[in-house]
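Asker: Sharing a structure with you now.
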2 protein chains.
Amino acid sequence: MDAYLRIEDALEASLQPVCESCPPRLAQALRHAVFAGGSRFRPRLCLAVAEACGDAHPQLAIAAATAIELLHCASLIYDDLPCFDDAAIRRGKPAVHAAFGEELAILAGNALIVRAFELVSELVTSAPLHTGLVLASLARGVGAPHGITAGQAWESEPRIDLRAYHRAKTGALFEAAVVAGAIAGGGDARGWRGLGDHLGEAYQVADDLRDATGQSDMLGKPVGQDAVHRRPSAVDQLGPGGAVNRMQDLINAVIRLIPRCPGRETLVFLVSNWAQSLMPAMPVSRPAMVASAS
Amino acid sequence: MDAYLRIEDALEASLQPVCESCPPRLAQALRHAVFAGGSRFRPRLCLAVAEACGDAHPQLAIAAATAIELLHCASLIYDDLPCFDDAAIRRGKPAVHAAFGEELAILAGNALIVRAFELVSELVTSAPLHTGLVLASLARGVGAPHGITAGQAWESEPRIDLRAYHRAKTGALFEAAVVAGAIAGGGDARGWRGLGDHLGEAYQVADDLRDATGQSDMLGKPVGQDAVHRRPSAVDQLGPGGAVNRMQDLINAVIRLIPRCPGRETLVFLVSNWAQSLMPAMPVSRPAMVASAS
């Protein structure tokens, strides 16, 4: 089966026992958050790395991929909350808090985090060592001090190291996807380290570019948020042209870092397509809104 | 070493790797949330049950107890947020969001949930079956459809079954403490099921009583919240005297449910003391504030 469809099926199956008997509005909020038209790049990356490594534990690979997407969806719910980005729109639809209220948005985020760890934990007895390592990589990707939570928290500090901030806020979950995929595939995760960090930084640079140059209806979310929230942005630091070059350098570095393996071509294709889809379609220049806010 | 001190040490050790390199304000928020003078009843219960069952996996027992307290502290952070109870005071100190802002409060809650699962996951290879079962019991206690998250979400529904609501919002984490303790101790968790639900309901009835009769400075948090938030309350449903009787019945049922085991007396003592500490010190009557709000 196509990887995208396998992931959709696995996400559906992961929510089914949660939604069938939980409070109905929470169930709606969970489905709204998870089935919102995402690209599923992180779980596809996880599965592709697992296959490239020999697919030793396929059940663990799909559980890890599913958990990573659930954690990603949770992080988007929090990102959009009034106290963070205060974004009413996500992927062209109302953000979870806009559709269901802040209480259910926060609870849905919590439920997704717990479900992600629960899902992978279910495989502990069939492959203890590998499942333990996957759980550790998930925790590292989303918790503190290395994961999304810490990355987001750097925004509350008076001084930020841009690279450390991006690495935790965005890179850590890509790194978790790659490392968990390598572990579940039976590979040596050390050979894959660093790849996720580069992907994360590339994603963040692209996101900064789209934020500074995009149009809200193209992106499905509000733009100009970095300037509004005075967040560190690669476009501010490097200029638009410099940011495009940096993005290209990072993708090239990612491709160089992919070890020699049977699935190398598939992975290069996946990463290149993804990078292409992230680049802003518009000419790279700073719109008046951002210029006046900076 | 005394159980209380063992738990304090374990909590300290669990936060140390998180706080030593995470954003400084997040580290402060985490310590504020966890070291706030709680009674640690849930982790003490978990350890007491593990010991009563033979203490087969002491490392797993203390990890489970610590995880349960971290999850409890996370739930208190969320409870106090403006979109839930909007409580500025907790245990006589500023609530986490009041001291550090909503962003860091939410992030601290997330970090505690992730750390709880990470901590227990670290023992997967040494005791795969038991660790897997403990992880499942934690997820059941805090996630959806059975745990705190679902319990809290019932408050957003137009119709609520009071018992199902209390069972998920409060009982589930007590049940997790008991079940995880039994598993880590090497006992048969089935023999302990139901005990946590009764404890949770007793706690909730006591909390409703204290909310309706207490004084803010005695409790270290605002009172009259059930009426303000129009939440279902045992005092509303049974009257103050009926609620006191219900609380006593529940504690008696808990004591009857404790299986015959070497540590039975210790457990009875722990539960009785805890129940005593929860009862409101004031005469049970509804203060004017609540009466006028109802």
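Asker: Restricting attention to the range B:139-148, which residues are facing chain A (nearest Cβ under 8 Å), of a type in the set (Gly, Ala, Ser) and part of a helix (DSSP H, G or I)?
Answerer: B:139
Asker: Conditions: (1) under 30 Å from residue A:94 (Cβ atoms); (2) touching a Leu at 6+ places or on another chain (Cβ under 6 Å); (3) of a type in the set (A, V, I, L, M, F, W, C). Residue A:46 meets all but one. Number of the miss?
Answerer: Here residue A:46 clears every test but (2).
Asker: Can you find a residue in the range B:51-58 that is among the charged types (D, E, K, R), in contact with a Ser or Thr (Cβ under 9 Å, 6 or more places away or on another chain) and in a helix (DSSP H, G or I)?
Answerer: Yes, that holds for at least one residue.
Asker: Could you list, in sequence order, the residues of the range A:155-189 that are crowded, with 24+ Cβ neighbours inside 10 Å and of a type in the set (A, V, I, L, M, F, W, C)?
Answerer: Matches in the range A:155-189: A:168, A:172, A:173, A:174, A:176, A:177, A:178, A:179, A:180, A:182, A:183, A:184.
Asker: Every residue in the range B:6-38 that is in contact (Cβ under 8 Å) with a residue 12 or more places away in the chain, charged (D, E, K, R) and within 11 Å of chain A (Cβ to nearest Cβ), please.
Answerer: B:25 - this is the single residue of the range B:6-38 that is in contact (Cβ under 8 Å) with a residue 12 or more places away in the chain, charged (D, E, K, R) and within 11 Å of chain A (Cβ to nearest Cβ).
Asker: For the range B:1-54, give me each residue that is of a type in the set (Phe, Trp, Tyr) and either more than 30 Å from residue A:151 (Cβ to Cβ) or modelled with pLDDT under 95 (or both).
Answerer: Residues satisfying the conditions are B:4, B:41.
Asker: Do you know which of the residues in the range A:85-96 that are crowded, with 24+ Cβ neighbours inside 10 Å and not in a helix (DSSP H, G or I) is nearest to the other protein chains (Cβ to nearest Cβ)?
Answerer: Filtering the range A:85-96 for residues that are crowded, with 24+ Cβ neighbours inside 10 Å and not in a helix (DSSP H, G or I), the one nearest to the other protein chains (Cβ to nearest Cβ) comes out as A:95.
Asker: From the list A:99, A:105, A:127, A:64, exactly one residue is surrounded by fewer than 20 Cβ atoms within 10 Å (Cβ to Cβ), at pLDDT 95 or above and among the aliphatic types (A, V, I, L, M). Which is it?
Answerer: None of the other options fit; the residue is A:99.
Asker: In addition: Is it the case that residue B:121 is free of Cβ contacts under 8 Å to residues at least 24 places away in the same chain and buried (at least 22 other Cβ atoms within 10 Å of the Cβ)?
Answerer: yes
Asker: Which of the residues spanning the range B:119-138 are more than 24 Å from residue B:171 (Cα to Cα), of a type in the set (S, T, N, Q) and more than 7 Å from chain A (Cβ to nearest Cβ)?
Answerer: Matches in the range B:119-138: B:126 only.
Asker: Is it the case that residue B:116 is among the hydrophobic types (A, V, I, L, M, F, W, C), at negative phi and either surrounded by fewer than 20 Cβ atoms within 10 Å (Cβ to Cβ) or touching a residue at least 60 places away in the same chain (Cβ under 8 Å) (or both)?
Answerer: In short, no.
The values are calculated or read from the model by the stated rules, or taken from the named source; none is laboratory data. Every value quoted in this text rests on a predicted model; they were computed, and no experiment measured them. Please note: Cβ atoms are built from the backbone with ideal geometry, for glycine as well, and neighbour counts cover all protein chains shown.
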